[in-house]
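Working notes, beginning with the structure itself.
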Amino acid sequence: MKPEWSRKIFNMIQRSYGAYMEERLHELEKTQWLSRDELREMQWKRVTELLQHAYNNVPYYKRIWKEAGIHPSDICSWDDFKKLPLLNKSLVQNYYDELLAEGMEGIPLYYSGTSGSTGTPMRFVRTQDAKARFWAAMYRGYSWFGIAMCDKEARLFGMPFDRTSRFKERAKDWVMNRRRLSVFEMTEENMQAFTQQLNAFQPAYLQGYPSAISRFAEFIIQKKENVRYSWIPLKGVVTTSEVLTPTYKTLIEVAFECPAINQYGAAEIGLVAISCPQGGFHTVPENIILETLPVIENDLTQDVNSGPVEVVITDLHNYAMPFIRYKGGDLLNDSPDESRVCECGRTSWLIDTVTGRKNSLVVTPEGKVLPGMIFDYLAKWSLKKDSGIRQFVAKQVALDNIIFYVVKDENFSENSLKMFSEITHEHLGPSVKIDVELVETIPLTATGKLMNFSSDLAVNNVLAQINKFQKSGSIG
């Protein structure tokens, strides 16, 4: 489909939901050149209005602020703002109903859920306007590289497990001019077929998980000596949901002969930061307030200016379910340097590398390699199915053995484990032994993060074990 047709259809659909994305994009194209004083003034106006709304209409905030002896009229400075209690994923889970704003009748809303990078399924609600602002910020960032909304996109993402959600994703791919290769199906044969699709499709850019794109990049580099890919160079490669390591970045830029565009955000918040052609990692001050805190709370020995530090975000536009001073568990190398200004001339504050969202790879005896993000999709599936599983993390302890540590909820039954094992085997293969251990709580890592997947496997040993399995049919 021609990009201009795709844009018209996409904007028409979004407007029918109450999301005026194109208009929000035009606003952001202007505000990116405001001075920092003007941006701070904008943020202060928006946050004071949000706090008053939260106190008047959101039972959770009214209750906890009253308990803390805080009223919105007490918040007269940014130092006062930092005294407000923090929100986290566990609180959103436990107080979901109380966090929903009252009096939102007639306001277009968007209901969703996410596992984030933690393995904790979490429902949330956003206004359609907040969603439009999220997308607008994303497309503003892409425009810095010459990529416009609904330009042709090659996509390396997962696919939902249930049929209805898969159909919706394919419909969105068609409307938004995308061709997708599922990261759960990245065999040599499938990657080869995908390159042939892209030769016909001629994408402007590629988007996906860094670990998956780097695998595809290695495949492209190996074939490049003998094969010409007419769709390379691209305008850019957008990475998301995992840390863009220096190794991934180099592989991507060599393979696709274009910049790797680093994107950091969260479904429940929206875009937090995106890189520009000059290398700055720009926050989105029109939409969020970003703070940083020591990784270990109440640790007075850690200097918040010498990282790692934990990110705290306030979404300035989601009046349906306000996320105020929200800790999602992500880490930065250092706190932002207020004095840094990007060479591109845009005035938004810059942050350092995100270090806390790196997912490992899952390897099966058959040699199948999957990104750890597959467990995020499994978490979303468990949330939709009311599976009785409140939370889980997975650990690969051997090539043919993955242990799931599961926290059950009130809907749990023996059938919960049966369903969980069946859907896992469907995507990991029958030769992987699935062990489940029921636990009361799941411990955090040393950095305070709850990782959805970890692996004990060493690469050299894995390759030897795969060879042994393929010859004998067993690991032992």
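The values are calculated or read from the model by the stated rules, or taken from the named source; none is laboratory data. Not measured: the values here are computed from a predicted model. Heads up, the Cβs are rebuilt from the backbone with ideal geometry, glycines too, and the neighbour counts pull from every protein chain shown. Side chains included, ligands, DNA and RNA excluded: accessible areas come from the protein's heavy atoms. Shrake-Rupley method; radii C 1.70, N 1.55, O 1.52, S 1.80 Å.
A few comments on the model shown:
- Value of relative contact order over the range 141-197, rounded to a whole percent, pairs C-alpha under 8 Å and six or more apart: 36
- Largest to smallest in accessible area, the residues HIS425, HIS317, HIS26 fall in the order HIS26, HIS425, HIS317 (1.4 Å probe, all protein chains included).
- A probe of 1.4 angstrom, applied to the heavy atoms of all protein chains, finds TYR55 with accessible area near 30 square angstrom.
- Close amide H partners of VAL362, meaning residues 5 or more places away or on another chain with modelled amide H under 5 Å apart, are LEU370, GLY372.
- Within the range 47-183, the percentage of alpha carbon pairs spaced more than 23 angstrom apart rounds to 54%.
- Rolling a 1.4 angstrom probe over the chain with all protein chains present gives an accessible area of which 51% lies on carbon and sulfur atoms.
- Relative protection proxy for 240-247, 134-141, from highest mean packing down: 134-141, 240-247 (other beta-carbon atoms within 10 angstrom).
- Under 17 Å from the Cα of LYS30 - aspartates and glutamates, other chains or at least 8 residues apart: GLU22, GLU38, GLU41, GLU286
- Trypsin sites (Lys or Arg not before Pro) within the range 142-192: DSSP coil, no more than 12 neighbouring Cβ in 10 Å: none
- Computed over every Cα-Cα pair of the chain and binned at 20 Å starting from 0, the pair-distance distribution P(r) comes out as 22, 58, 20, 1 percent.
- Within the chain, helix-based [θ] at 222 nm, where runs of 4 or more DSSP H residues each add -39,500 (n - 2.57), nearest 500: -11500 deg cm²/dmol
- Normalised size of the range 24-65, defined as Cα radius of gyration per 2.2 N^0.38 Å with N residues, equals 1.55.
- For ARG390, distant residues with modelled amide H under 5 Å away: VAL407, LYS408, ASP409
- Of interest is the spacing of the C-alpha centroids, which for the range 393-417 and the range 215-281 amounts to 34 Å.
- Calculated accessible area for the range 85-219 comes out at 39 Å² per residue, all protein chains present (probe 1.4 Å; ligands, DNA, RNA ignored).
- The packing ranking, built from the mean of other Cβ atoms within 10 Å per residue, places the peptides 229-236, 42-49, 121-128 in the order 121-128, 229-236, 42-49, highest first.
- For the peptides 83-92, 337-346, the ranking by mean Cβ contacts within 10 Å, running from highest to lowest, is 83-92, 337-346.
- Residues with amide H under 5 Å from that of LEU109, placed H, sequence gap 5 or more: GLN128
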